[in-house]
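The next block holds one structure in the form of structure tokens; read it before the comments.
The values are calculated or read from the model by the stated rules, or taken from the named source; none is laboratory data. Just so you know, these numbers come straight off a predicted model, no measurement behind them. Neighbour counts are summed over all protein chains in view; Cβ atoms, including those assigned to glycine, are modelled from backbone coordinates with ideal geometry. For accessibility, only protein heavy atoms count, side chains too; no ligands or nucleic acids. Shrake-Rupley method; radii C 1.70, N 1.55, O 1.52, S 1.80 Å.
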Amino acid sequence: MNGIIGAIDQERDLYKVLFSNNGDQCFWQKLRAILTKEIRSRAQLYNVHLTDKIPSYYAQELLIDGLLSLIKAWIDNPHPESVEHFSKILNVSQMLAPIDLLEKIRTKKDRAIKARSFY
């Protein structure tokens, strides 16, 4: 993923245009194909497959759209992370379920209960 992100970083202004609403549809198709290949490669590397909890087509689309949304947000960020740091963010993002991105707001009472549970 570092290679893809590095290439995007080198031509950030071009990719801002390509990722815009007026972007080139052929670009999107090619990028989706690259990401599909990357997902399949990673699945093979980790000896996993797409879930059967939803049709695999939709699972793959969910992964690709998540990656594209994060890449677009990174391109649009006026103070973007380094290529290496953002690549790590992308990798971690693919290991999280959407529910894992939400955490309960801890109250003083929650912290007190947790503190007591250690004793």
(request) Could you tell me whether region 57-111 comes out rounded, prolate or oblate from its Cα gyration tensor? Rule is a ≥ b ≥ c as square roots of the eigenvalues, rounded for a/c under 1.5, then prolate if a/b exceeds b/c, otherwise oblate. (result) oblate
(message) Let me cross-check F19: its accessible surface, 1.4 Å probe, with only protein heavy atoms counted, in Å² to the nearest 10?
(response) 10
(message) For a test of understanding, tell me how many lysine pairs in the chain have Cα atoms under 29 Å apart, given they are 8 or more places apart or on different chains.
(response) 17
(request) Have a look at I34, I75, I54 and tell me which one the Gaussian network model of the chain (Cα, springs below 10 Å) gives the largest fluctuation. (result) I54
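In the neighborhood of S82, defined by Cβ-to-Cβ distances under 10 Å, what is the net charge if each Lys or Arg adds +1 and each Asp or Glu adds -1?
Charge balance near S82 sits at -2.
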(message) Would you calculate the convex hull of the Cα atoms in region 1-95 and tell me its volume per residue in Å³?
(response) 101
